[in-house]
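One structure below.
The values are calculated or read from the model by the stated rules, or taken from the named source; none is laboratory data. Being a predicted model, the structure only gives us computed values, none of them experimental. Virtual Cβ from ideal backbone geometry, glycine too; neighbours counted across all protein chains shown.
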């Protein structure tokens, strides 16, 4: 709706410009004004206004086509993003099931599971302590317990354990 109103306003503006430039030229011709340079100037101005109106109108139409095309591209991109987000969510849930199953096999406590998951995500001990509302020393101890129970050497091996088969 806004597009149509905008186009109509532009069209009316163009018509006004054209009329305001062509009327003096037409009056001089009808009255038989004999100053050829003056009539020529008004004729050139009227002609250039028509050319300018045509160019601007064509650019406006082209811009509107571009906007419509970009709206379609954006709509498609949003649909693809939503589809990808849904797929990623399903994949994330499946991956969490795999993680939780392995955590249970390693006999990790709920706190150790949370710490392990945050370590896999790449968070630092300080960040994990802030998220969990515990001391950093507690997080370090829980991480050490995760490594012992899993027989892994550290956070990199922990992440690699789960991500190796994915890549």
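Here are some notes:
- Subset of the range 145-158 (residues that are loosely packed, with under 13 Cβ neighbours inside 10 Å and assigned to a helix (DSSP H, G or I)): 148, 156
- Filter pass, residue 113 being surrounded by fewer than 13 Cβ atoms within 10 Å (Cβ to Cβ), free of Cβ contacts under 8 Å to residues at least 24 places away in the same chain and either in a helix (DSSP H, G or I) or not assigned by TED's automatic domain parsing to the domain that holds residue 164 (or both): no
- Comparison of 51, 98 shows that the only residue that is loosely packed, with under 14 Cβ neighbours inside 10 Å and in contact (Cβ under 8 Å) with a residue 60 or more places away in the chain is 98.
- Residue check for residue 118: free of Cβ contacts under 8 Å to residues at least 60 places away in the same chain and surrounded by 16 or more Cβ atoms within 10 Å (Cβ to Cβ): yes
- Whichever residue in the range 131-142 is over 38 Å from the mean Cα position of the chain (by Cα) and part of a helix (DSSP H, G or I) and, among such residues, is surrounded by the most Cβ atoms within 10 Å (Cβ to Cβ): 142
- Filter result for the condition that a residue is in a helix (DSSP H, G or I), surrounded by 13 or more Cβ atoms within 10 Å (Cβ to Cβ) and out of contact with any strand residue (DSSP E or B) (no Cβ under 6 Å at 6 or more places or on another chain), over 89, 72, 127: 127
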